[in-house]
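See structure below.
The values are calculated or read from the model by the stated rules, or taken from the named source; none is laboratory data. Note that the structure is a prediction, hence the values are computed from the model and not measured. All Cβ positions, glycine included, derive from the backbone under ideal geometry; neighbour counts span all protein chains shown. Calculation scope for accessible area: heavy atoms of the full protein, side chains included, ligands and nucleic acids excluded. Shrake-Rupley method; radii C 1.70, N 1.55, O 1.52, S 1.80 Å.
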Amino acid sequence: MAETRGGVCIVVHSHPDFSKGGGELAAWRQFEAMRAAGRRVTFVGACEVGSLYAETRPMETVVPFGADEYVFSFAGMTEDRLAWEDPFRRDTLVQFLAGLDCEVYHFHHYWRLGVDLIDALMEARPDARFVLTLHEMLAICLHHGQMVKTRSRELCRRESPLRCLACFPDQTLERFAYRKATLMAVLSRFDSVIHPSDFIRDRYRDWGLTTPRDPVIENYLGDAMLAQPRIPGDPAAMASRFGFFGQPTSFKGLDVLLRALPMALRGNPDIVLTIFGAEREDALRLFPTLEPMIEAAGPSLTFAGRYDPLDAVELMRSVGWVVVPSIWWENSPVVIQEARRAGTPLIVSDIGGMAEKVLRDVDGLHFKRAAPVDLARVMNQAARPEVRAALGASVRDVMGREEFLAALDAAYAPRPPRLAGAAE
Amino acid sequence: MAVADETLQLGLDCVAELPGRRVLALGWAIARAGEAAELSVQAGEIALPILHCGFHPRSNLAAGPDAVAHGFVLLLAEPEAAEGNSAGPSGPATAPEVRLATGPALRRSRLRDTDLPGDLPRALAEAPEAAFALLRDAGANPELDALLQAGAPPFGAFAEVLARLPAVRGRAVEGAPPLEELEVLTSAAGELLVVLRAGAPLPPEARLEVALLGLGGARAVAVPLPPMRTSLLPQALVAYGRFDPAWLDRLVAMELVAMVQPAAGERLHLRARPRPAATPDFLDAICRAAPFAEAATSAGLAVLRQVIAWREASFLPTLASLAVAPGPAGADRLPRIGLLLGADEALAARLFQVTAAEFERRCEQLLILGEAAEEVAQPFLRRGRLPVLLGAEALAALREAAGRAGILAVDAAGFAEAVGRNRPEDAFAQSLGAPELALLLALHATAGAETALADTLARLLRQRRAAPGTGGFQPVQRGWSSPHAAAAVNEHLARLWAAGAGAHG
């Protein structure tokens, strides 16, 4: 596939200098990789700090932030950040974007960008091609895009107005219909929609989204991480070391892991667990009832606090297993990519993007989602050196830069002209 | 209180000068019962033209056992020669006087008596029976409508009396037992239903009369109202009548003034705001009883059936004619009018922001109806590529287009559903030709199940799509006063819809 000749504008829901979520990091790493490959690329990211400032004081909507980098204020958007209340500010941003010398607009996410902005830009630049990377399922699910039921925390497998009403009884069927239609009307107009996993692609297809192209392209981990050597650890030493990486939100399943730990310790007292990304207080704030388990774990449990994402791969090499116990589906967790890059096998919940990205008995092991007993069983299994040795040898690396750029070029390519009467 | 000790008496309470050389006289007369009495106005031998003469009861006037007492209102045109007792071309003018004659007996009262009050608003406030009679008659007599135009807006000469009348909030009538509720409903077909409910049986002398005022501009107007058909139920009075539905487009609100006689010799006047109602709600009100009152099922149903019979006599031929009326030649080439119905949710504005082009491509004008029409219109107005009309203006445009131009009807929720399925074009498949638009409006006015036009459209389209033998009227589900009322109204609606279905059956 020939590389895109014209410029590419990457429009993102946040600049990673202000927020380091998976989506914005993936967008930023794409920007760096394209720039390093000599592509013409511009990065335009939302800026929360600037938006808060702009709520009360005059400020330019778009501010240069580096070479080919801009940040913008999303002050003037609706509370759910899916549309603009202030059409003037929206149109200011549209005019800026439309004036950029590019032939492809690649959006990462639509939250904090606004589907009305995308629509207006499509109208202003009918000559350009539009590409979207979907990082989560916000269009499908009002519950933060988690597809987890609000009351029972059960998994939701399919959107429908009545199912959504069960989660949000204060809403109306009409409001769900308007929300879906608004998002569908814009998302379906993209030339390509990139999904970082088969799982999320299937969910959007089930939801009804059809676009001319909807490839699965894994998020790129970045040149810096790709450059790091992949050094296999000593299975005997690493087998009983487990690590959790990430912020302890209610969907990440840290509580499941902390409940599993005492049970796993009964089977193997050598097991140690390190929580990267949270302090003990952070965990107790979210799960106060887990204090007895944390106390009981004693020196087998360590809270390592926040870490720099750039250090993730190195930190993952310090543990024998990376545990991803999320109770929601996940899409394409960057933690899994980082672990695979590090050569550290994983233990993951057996659902969604986790089950897809961690092939059982190749990249790691699966346990029954939200089941501490099963997680404890799998941790005891994993703590055997021969299991760690086998999976440490088979865990796959992540996508390389050339493969990633080629996949992007295919997504950016002009759509072939359709023959008259031919089906889409 | 005036005391009459003779059988022929005449008195004036107020004589007011009005613009346009008009004079309004309020007075009273007592005459022997059973004898013809004649009221006239004379200036010497010249009879002054009486533009309006109305009589009303005078509860504060005691007549003898063989006499009857009435209040009266006279509207006179004052001739040039009679003005100010000045000399006219035919000689010296004589002061005009009101005369009451029975045979040779005659009573006179000077119209220009300097002691007579001339403050009409105050005089009407002190004589609500006279004021009510004038309001009731004003709809049919433009000369009386002028009384609303003189004095403080919006009610002119009636400002004081209306301010003093108890206003019914909601339906509850307070402080007038046994009366409990006054419900006033209008239909889109120009029907007026007034139901006065009591907590105890009403006597045969119970009466109910109404006058209807319209509020649109700065001044109220009297809405012409043919005589109402009033029925007495055991514990209710029901009055049904019709006015020109075109008033509904011209007015922002209506004001009803009711004269209620709950028993012989007792009268009170009430004000109430009519509430627009869909046909089922409108008709079921006939059978509803006051809270804790005994439901008069059979009597209420009899009145309901009578009203239904009147409606069908009037509406069935109209609907049948619309069902078979051919559209004007070349209707398809007329500008396409988009009709966006059911715009009730402000969130919908977001959807139309990103889909406005779909409408701009297909329509040359867009009419938006619904509770959130203002918000929904904003994206179209901001883009400025499609003329947009809302609310009453949209309805007026729709009526104007009926029978003349086709419309592209889009139900907002249905559009969302189609876009959600990624098939927005499906929502634009509901085009109505000119005759169908006229039929839609007529069906909505006479047989609409909901106040929202979207429901009537959905029913019409369902009927149009239905296979032969299917697509009958879907009964209206609501909190009916009784299953019998539900059956009567649903059967009635089904007959009206069937009449309208002739063109598509």
* Asked: If you take the beta carbon distance between B:E205 and B:D66 as r and set R0 to 25 Å, what does 1/(1 + (r/R0)^6) give as a FRET efficiency, to the nearest 0.05?
  -> 0.75
* Could you order B:H484, A:H144, A:H135, B:H492 so the one with the most accessible surface comes first? Probe is 1.4 Å. => A:H144, B:H484, A:H135, B:H492
* Structure fact -> Note: A:A296 to A:M399 extended length (0.36 nm per residue) minus current alpha-carbon separation gives 33.0 nm
* To do: Multiply the residue separation of B:S40 and B:R382 by 0.36 nm, subtract the distance between their alpha-carbon atoms, and state the gained length in nm to one decimal.
  => 116.6 nm
* Ignoring ligands, DNA and RNA, how do B:V173, A:V49 rank by accessible area with a 1.4 Å probe, largest first? -> A:V49, B:V173
* Asked: Which of the peptides B:234-246, A:224-236, B:427-439 is most tightly packed, and how do the rest follow, judged by the mean count of other Cβ atoms within 10 Å per residue?
  -> B:427-439, B:234-246, A:224-236
* **Calculated on alpha-carbon atoms, Rg and Dmax of the protein assembly as shown in Å** => 40.2, 137
* To do: Please give, to one decimal in nm, the separation of the simple spin-label points placed at A:A37 and A:Y53, each 7 Å out from Cα toward the Cβ.
  => 3.4
* Asked: How would you rank A:279-289, B:383-393, A:353-363, highest first, on the average number of other Cβ atoms within 10 Å across their residues?
  -> A:353-363, B:383-393, A:279-289
* To do: Identify, among A:L310, A:L375, A:V335, the residue whose Cα sits farthest towards the positive end of the charge dipole of the range A:227-394, taking +1 on the Cβ of Lys and Arg and -1 on the Cβ of Asp and Glu, with the dipole about the Cα centre.
  => A:L375
* Asked: Residues of the range A:373-415 with amide nitrogen under 17 Å from the 7 Å Cα-to-Cβ point of A:D270?
  -> A:378-392
* Projected area averaged over orientations for the range B:331-432, convex hull of C-alpha atoms, nm² -> 5.7
* Could you give the size of the charge dipole of the range A:227-394 about its Cα centre, using +1 on the Cβ of each K and R and -1 on the Cβ of each D and E, expressed in debye and rounded to the nearest 20? => 300
* For the protein assembly as shown, which cysteines have no disulfide-compatible partner, meaning no other cysteine Cβ under 4.7 Å? -> A:C47, A:C141, A:C156, A:C164, A:C167, B:C14, B:C53, B:C287, B:C363
* Summed buried accessible surface, chains B and A, 1.4 Å probe, nearest 100 Å² -> 1700
* For labels at A:R384 and B:A264 in the simple 7 Å Cα→Cβ model, what's the distance in nm? -> 10.8
* Might you tell me the accessible area per residue for chain B, computed with a 1.4 Å probe and given in Å²? => 43
* Calculate the mean, over all residues of peptide A:85-92, of how many other protein chain Cβ atoms lie within 10 angstrom of the residue's Cβ. => 1
* **B:W310 accessible area, assembled protein chains, probe 1.4 Å, Å²** => 60
* Provide the percentage of antiparallel DSSP beta bridges, counting only those with both residues in chain A; round to the nearest 5. => 10
* To do: Could you tell me which of B:P468, A:C47, B:F380 has its Cα farthest along the dipole of the protein assembly as shown towards the positive end, charges placed at Cβ (Lys, Arg +1; Asp, Glu -1), taken about the Cα centre?
  => B:P468
* Dipole magnitude of the protein assembly as shown, debye to nearest 20 (Cβ charges: Lys/Arg +1, Asp/Glu -1, about Cα centre) -> 2140
* Asked: How do B:D284, A:D202 stack up against each other in accessible area, from largest to smallest, with a 1.4 angstrom probe?
  -> A:D202, B:D284
* Any idea what Rg and Dmax come out to for the range B:120-277 if you just take the C-alpha atoms, in Å? -> 14.8, 42
* To do: Please list the equivalent ellipsoid semi-axes of chain B, computed as the square roots of five times the alpha-carbon gyration tensor eigenvalues, in descending order and whole angstrom.
  => 52, 28, 20
* To do: Quote the charge dipole size of chain A about the Cα centre in Debye, to the nearest 20; the model charges only the Cβ of Lys and Arg (+1) and of Asp and Glu (-1).
  => 1020
* To the nearest µm²/s, what D does Stokes-Einstein give for the range A:227-394 at 37 °C and 0.692 mPa s, using the Kirkwood radius over alpha carbon pairs as Rh? -> 214
* Take the Cα radius of gyration of chain A and divide it by 2.2 N^0.38 Å, with N its residue count; two decimals is plenty. => 1.02
* Structure fact -> Projected area averaged over all directions for the convex hull of the alpha carbon atoms of the range B:1-67, nm², comes out at 5.7
* FRET efficiency for A:L165 and B:A176, Cβ-Cβ distance as r, R0 = 35 Å, nearest 0.05? -> 0.15
* To do: Quick one: accessible surface of A:S300, probe radius 1.4 Å, all protein chains present, in square angstrom to the nearest 10.
  => 20
* How big is the accessible area of A:L310 in square angstrom, nearest 10, if you roll a 1.4 angstrom probe over the protein chains? -> 110
* Using a Förster distance of 45 Å, the FRET efficiency for B:R336-B:R229 (Cβ separation, nearest 0.05) -> 0.60
* Asked: In nm, to one decimal, how far is the A:R280 label point from the A:S188 one, both placed 7 Å along Cα→Cβ?
  -> 5.5
* For the range A:1-107, report the translational diffusion coefficient in µm²/s to the nearest whole number, using Stokes-Einstein at 20 °C, 1.002 mPa s, and a Kirkwood Rh over Cα pairs. => 150
* Structure fact -> Placing +1 on each Lys and Arg Cβ and -1 on each Asp and Glu Cβ in the range B:120-277, then taking the dipole about the Cα centre, the residue among B:F132, B:V257, B:L144 whose Cα reaches farthest towards the positive end is B:V257
* Contour minus Cα-Cα distance for B:A487 and B:L215 (0.36 nm per residue) -> 94.3 nm
